[in-house]
Amino acid sequence: MKESDILSEALVKIKNYIAANKDQDAPIVKFRTPADLDKIIHFTVDTAGVSENEFLDLLDKYLEYSVHTGNKQFLNQLYSGFNFPAFIGEIFSTLANTSMYTYEVAPVATSIEKEMIALMNSYTGYSDGDGIFVTGGSNANLIAMFSARNRILPDSRFEGYDRKVKLKAFVNEQAHYSFDTAANVLGIGSKNVVKVKSDVTGKMIPAELEKNILETIARNEKPFFVAATCATTLLGAYDPLDEIAAICKKYKLWLHADGSFGGSLILSDQYKALMKGIERTDSFAWNPHKLMNIPLICSALLVKKRGTLQHNITDINADYIFHDIDEIEDLGKKSIQCGRKVDAVKLWFAWKYFGLKNYQKRIDNLINMAIYAAKKISDHPQLEMLVPRQSFAVCFRYVPKFKTDLNQFNLDLREQLRKSGKSIVNYGYIRKSLAIRLVITNGELLEADMDLFFKNLLDAANNLESKCQLELEIH
Ligand SMILES: *Cc1c(COP(=O)(O)O)cnc(C)c1O
């Protein structure tokens with residue numbers, strides 16, 4: 001078989017896979033235990049390569065047993081959906097396989113990344129802004145903290161960080177765990193990330209932040225970094241940026257906004273008020289691979305001031321690679337990566353394809369679908385909201401007609417639904433109560449998709465309820 005024949009067959013597989021995303025009867029996952037999967041797929045690499053037919057068969061199996069995240073009933077993670085132009089952009093960027101460090105090897109991609117950073121900054125209001133595509137929101141948070149550390153202790157770039165200075169960072173108690181990891185990586189230590197209390201809806205309480213800052217100052221410690229979260233991972237809460245910015249200004253602290261989940265809301269005229277004050281932050285993590293449905297990874301760290309990244313982070317001198325001959329800045333100079341994928345390219349293809357207006361509509365639609373789902377929950381006698389909806393996340397549970405352990409019941413319900421392959425939804429704990437967490441992240445969802453989700457969930461709940469009742473009668 002020639003390579004071109006393998007390619008033709010692979011293209012057919014791709015087409016079938018994409019078509020199955022729209023098929024409501026196609027399972028989202030054929031769940032197998034690791035041991036069973038081992039029996040189905042020969043994972044070991046053998047001395048001799050496989051035949052062309054075996055190669056094609058491996059392609060089939062890879063797709064067959066992977067989770068079909070492009071299916072509209074995949075409601076489990078903070079990313080989902082199948083974004084057609086972005087998919088094509090991903091394939092073409094891999095096809096041209098170039099690296100983002102210099103204009104010399106990536107002329108088109110360099111201009112594209114610059115254009116995307118400028119477009120994104122037109123929404124943040126950073127009028128002299130800059131930014132870089134990074135390998136995910138966690139890393140954007142790390143680089144923001146790194147940049148803040150080197151602003152307050154510029155010598156640490158050369159001398160290393162002096163541990164006698166007790167640096168303190170402040171985040172919402174419900175912030176993403178990546179801030180702890182960042183403090184660990186930077187030698188600050190995760191114990192020095194202060195968890196600021198949030199209110200019942202999950203928003204950071206500004207008065208608590210100021211109280212915590214003053215406590216550290218009283219102990220002779222050095223506050224340097226505050227991260228506000230734009231949509232917390234569990235509840236989808238937006239921290240009040242304006243009030244937090246006023247505190248950061250007063251104490252001269254770097255203010256970072258972690259919009260890894262909800263940052264794309266900035267595109268929505270209708271709902272962006274939740275991010276009021278974003279222009280007052282120093283940096284902003286924005287993950288198009290979540291709510292803009294760009295294939296993983298697509299993530300940017302934006303900074304308010306041009307030159308910040310290059311100054312605080314790299315300051316490299318590597319003329320062997322950066323010749324500065326092309327009348328455009330080599331983007332590798334402000335990145336901690338050397339080789340870097342051209343992740344801005346698929347975003348550009350998608351944004352070009354849909355246009356500014358339609359991307360805005362996709363984001364509006366996410367909120368509209370979350371409102372629709374929340375209403376279905378309030379209207380149903382057996383469903384109960386655990387916290388009022390803030391944005392894209394809807395946290396609720398099923399309350400059966402008989403008395404039972406609600407956490408166990410809802411955990412079983414979620415597992416039954418997941419293993420059925422019909423819909424996949426996540427769960428989390430709100431204080432001590434287990435909540436089913438429906439996250440609306442696919443801009444193409446329709447009311448009919450939400451209806452189907454609730455039908456699948458209620459079918460599974462009814463099954464589980466009859467089973468429990470039967471057991472109650474036996475005992
Ligand atoms: C997902 C998420 C992150 C991490 O982003 P990755 O791209 O997965 O590394 C950080 N913060 C919040 C609030 C998130 O939801």
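Sort the chain into rounded, prolate or oblate with this rule: let a ≥ b ≥ c be the square roots of the eigenvalues of the Cα gyration tensor; rounded if a/c is under 1.5, and if a/c is not under 1.5, prolate when a/b is larger than b/c, oblate otherwise.
Oblate shape, in that a/c is at least 1.5 and b/c is the bigger or equal ratio.
Using unit Cβ charges (K, R positive; D, E negative) and no other charged atoms, how large, in debye to the nearest 20, is the dipole of region 3-68 about its Cα centre?
Computed charge dipole of region 3-68: roughly 360 debye.
Considering only lysines 8 or more places apart in sequence, or on different chains, count the pairs in region 3-68 whose C-alpha atoms sit under 19 Å apart.
Pairs that pass both the separation and distance tests number 8.
Beyond a 25 Å Cα-Cα separation, which of these cross-linked pairs lie in this structure: 197/403; 72/276; 72/361; 222/305; 252/341?
Correct reply: 197/403; 72/276; 252/341.
Can you give the FRET efficiency to the nearest 0.05 for residue 195 and residue 408, using r as the Cβ-Cβ distance and R₀ = 30 Å?
0.55
As I understand it, the dipole of the chain uses +1 on the Cβ of Lys and Arg and -1 on the Cβ of Asp and Glu, about the Cα centre. Which of 37, 461, 83 lies farthest toward its positive end?
About the Cα centre, the residue reaching furthest to the positive side is 461.
If you find the alpha carbon centre of region 266-319 and of region 34-74, how far apart are they in angstrom?
The distance from the Cα centre of region 266-319 to that of region 34-74 comes to 36 Å.
Excluding residue 91 itself, calculate the net charge of residues whose Cβ lies under 14 Å from the Cβ of residue 91, where each Lys or Arg counts +1 and each Asp or Glu counts -1.
Taking every other residue near residue 91 into account, the sum is +2.
Roughly how many debye, to the nearest 20, is the charge dipole of region 88-351 about its Cα centre, given +1 on each Lys and Arg Cβ, -1 on each Asp and Glu Cβ, and no other charges?
Its charge dipole is roughly 980 debye.
When the helix-only estimate is applied to the chain (DSSP H runs of n ≥ 4, each -39,500 (n - 2.57), divided by the residue count), what is the mean residue ellipticity at 222 nm, nearest 500 deg cm²/dmol?
-14000 deg cm²/dmol
Based on other C-beta atoms within 10 Å, arrange 211, 168 from fewest to most.
In order of increasing Cβ crowding within 10 Å: 211, 168.
Taking H as built 1.01 Å from N, whose amide H comes closer than 5 Å to the amide H of residue 435, not counting residues under 5 places away?
So residue 435 has HN proximity to 428, 429, 430.
Run the numbers for residue 7 and residue 64: contour at 0.36 nm per residue of separation, minus the present Cα-Cα distance, in nm.
Roughly 18.7 nm would be gained on extension.
Can you compute the charge dipole magnitude of the chain about its Cα centre, using +1 on each Lys and Arg Cβ and -1 on each Asp and Glu Cβ, nothing else charged? Give it in debye, rounded to the nearest 20.
It comes to approximately 1700 debye.
Every read-out reported here was derived from the displayed coordinates using simple, explicitly stated rules and does not represent laboratory data. As the structure is a computational prediction, the values presented were derived from the model and not from experiment. Neighbour counts are summed over all protein chains in view; Cβ atoms, including those assigned to glycine, are modelled from backbone coordinates with ideal geometry.
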